[in-house]
Amino acid sequence: NDDGKLDAAGNAIIENAWKRWGRLGSPTADGRMSWYDCQRIAIESLARDGEVFIKKVSGSKYQDGFALQFLEADLIDEKKNDRLSNGNQIRMGVEIDKSHRPVAYHILTSHPGDAHFYNVEARKHVRVPADEIIHVFMPNRTHQTRGEPFMVSAMSALKMLHAYREAEVIAARIGASKMGIITT
């Protein structure tokens with residue numbers, strides 16, 4: 001307030017509206033998650049996929065006219081790379097300007113894995129302006145455009161460990177199968 005004290009009534013209105021919006025069915029466009037679920041999905045996606053894509057959607061059908069739509073990282077086409085006539089570049093589905101600021105995201109209209117199950121047409125993209133997308137990732141390089149999973153550095157060692165364990169089991173089997181026969 002003007003006297004420097006907290007506006008208790010105003011704060012209560014804001015807190016109650018936030019709690020109402022965060023309930024199951026309100027924060028996401030599909031109505032299937034609560035605010036807690038959104039946070040959990042974001043953390044899991046960041047660790048598993050290395051990045052999180054969230055589209056901001058608005059309209060009267062959403063609580064308070066606003067909702068979030070989580071996008072699987074696979075929908076941002078990593079195979080889409082191009083240099084545009086306006087000087088922008090598309091790197092792994094992310095359109096960036098000359099200062100490497102994201103301008104837009106090129107989102108596939110269907111999941112790449114759906115081609116195996118359905119009669120899906122050729123890859124089609126929708127260009128979504130960057131101000132409609134929340135893209136969270138932890139960059140490791142200055143001009144990195146996309147994230148990488150937390151486990152990427154350990155994957156090679158884990159693969160080698162798996163092969164080593166498999167070889168040990170096979171060697172033990174072979175050792176147990178050896179026989180010696182003594183004849184007189």
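The values are calculated or read from the model by the stated rules, or taken from the named source; none is laboratory data. Keep in mind that what you see is a predicted model, and the values were worked out from it rather than measured. So basically every Cβ, Gly included, is an ideal-geometry build from the backbone, and we count neighbours across all protein chains shown. Each accessible area value is taken on the protein alone, full model and side chains, heavy atoms only, with ligands, DNA and RNA left out. Shrake-Rupley method; radii C 1.70, N 1.55, O 1.52, S 1.80 Å.
Determine, yes or no, whether Met179 is at pLDDT below 90, over 26 Å from Ile41 (Cα atoms) and aliphatic (A, V, I, L, M). Write out each step before concluding.
Details: at pLDDT below 90: yes; over 26 Å from Ile41 (Cα atoms): yes; aliphatic (A, V, I, L, M): yes.
When the stated conditions are applied, Met179 passes them.
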Among the residues of the stretch 1-28, which ones are within 19 Å of Val136 (Cα to Cα) and assigned to a loop (DSSP other than H, G, I, E, B)? Pro27
Of these, Lys98, Lys61, Lys56, which one is part of a strand (DSSP E or B), basic (Lys, Arg) and surrounded by fewer than 18 Cβ atoms within 10 Å (Cβ to Cβ)? Lys56
Would you mention how many residues in the stretch 110-134 are out of contact with any Pro (no Cβ under 7 Å at 6 or more places or on another chain), open to solvent by less than 60 Å² (accessible area, probe 1.4 Å) and modelled with pLDDT of 85 or more? 3
Have a look at Arg48, Arg40 and point out the one that is modelled with pLDDT under 95, under 23 Å from Ile76 (Cβ atoms) and exposed (fewer than 15 other Cβ atoms within 10 Å of the Cβ). Arg48
Checking Ile182 against (1) open to solvent by 50 Å² or more (accessible area, probe 1.4 Å); (2) outside any loop (DSSP other than H, G, I, E, B); (3) of a type in the set (A, V, I, L, M, F, W, C), which test does it fail? (2)
Can you work out which of the residues in the stretch 1-37 that are β-branched (Val, Ile, Thr) and open to solvent by 70 Å² or more (accessible area, probe 1.4 Å) is nearest to Glu132 (Cα to Cα)? Ile14
Does Ser153 satisfy the criteria of being within 19 Å of Asp49 (Cβ to Cβ), at pLDDT below 90 and surrounded by 13 or more Cβ atoms within 10 Å (Cβ to Cβ)? no
Expected output for the stretch 1-23 (first residue within 29 Å of Met33 (Cα to Cα) and free of Cβ contacts under 8 Å to residues at least 40 places away in the same chain, partner part of a helix (DSSP H, G or I) and not acidic (Asp, Glu), Cβ below 7 Å, 6+ apart or cross-chain) is Gly22/Trp35
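Please find, among Ile76, Ile43, the residue that is among the β-branched types (Val, Ile, Thr), within 23 Å of Pro102 (Cβ to Cβ) and in contact (Cβ under 8 Å) with a residue 12 or more places away in the chain. Walk me through it before giving the result.
Working: Ile43 fails: in contact (Cβ under 8 Å) with a residue 12 or more places away in the chain.
Matching residue, one of Ile76, Ile43: Ile76.
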